[in-house]
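Reading through the structure tokens given below for one structure.
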Amino acid sequence: MTPGFLSQIFSWTAIACSVLAAVSGALALHYRTTAGKQQAAEINRLKPRSLRDDQLNKLLVQLSQRQGTVGFIYRLMDGEGKDYSEALGKVFVKAGWRVASSAGNSLNDFPGYIVPAVSDEKLLPDLDFVRKALLAADIDCRLEPIQPNTLGGPLTADRVWLVVGRKP
């Protein structure tokens, strides 16, 4: 082996090591970014729901066009649902609505959305108005039947009830 040949081998080895180091660094950065995204998604999953400023403003504008009475029902033993109900209730009050009650006695699941309900057909226009206001503010609100005996008692007939589902 000549010194020129050994020099060439060392040069190629240095280039190969540099390429391997660059690839290794790129892979580490990729995995770190992926892990960071997964960690951020998990943190967001664990965070309680809250109203973004744009949602709050849209909901306030929509609800201010009319007044009425609402009540909130959230899942039994669901502190996050209670807090979310209270945050929504504050917007209703600010818009001129009366929040008549809030109760944590629902056995319904409704993962991530709100189900409006009334027990008096005369309030169906109010229910529809509230549902459309929530949807306009990008708050998931769905019309679904509520199973009997899942709310801890009958719905009072003088208000629109918002059954707040659990955070998914």
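The values are calculated or read from the model by the stated rules, or taken from the named source; none is laboratory data. Quick caveat, the model's predicted, so the values are computed rather than measured. Quick reminder, even Gly has a Cβ in these numbers, built from the backbone with ideal geometry, and neighbours come from all protein chains shown.
Brief remarks on what is shown
- Selection from region 66-78 of residues that are surrounded by fewer than 20 Cβ atoms within 10 Å (Cβ to Cβ) and farther than 16 Å from R98 by Cβ: L76, M77, D78
- Scan of region 104-148 for residues that are over 17 Å from the mean Cα position of the chain (by Cα), in contact (Cβ under 8 Å) with a residue 12 or more places away in the chain and assigned to a loop (DSSP other than H, G, I, E, B), ordered by number: L107, N108, V118, S119, D120, L143, E144, I146, Q147
- Any hit, region 70-91, residues being in contact (Cβ under 8 Å) with a residue 12 or more places away in the chain and more than 20 Å from the chain's Cα centre (by Cα): yes
- The residues of region 27-66 include none that are aromatic (F, W, Y) and assigned by TED's automatic domain parsing to the domain that holds G89.
- Test: residue in region 38-54 that is surrounded by 10 or more Cβ atoms within 10 Å (Cβ to Cβ), touching a Ser or Thr at 6+ places or on another chain (Cβ under 6 Å), hydrophobic (A, V, I, L, M, F, W, C) and in contact (Cβ under 8 Å) with a residue 12 or more places away in the chain: no
- Of the criteria (1) within 17 Å of the chain's Cα centre (by Cα); (2) within 22 Å of A136 (Cβ to Cβ); (3) part of a helix (DSSP H, G or I), which one E42 fails: (2)
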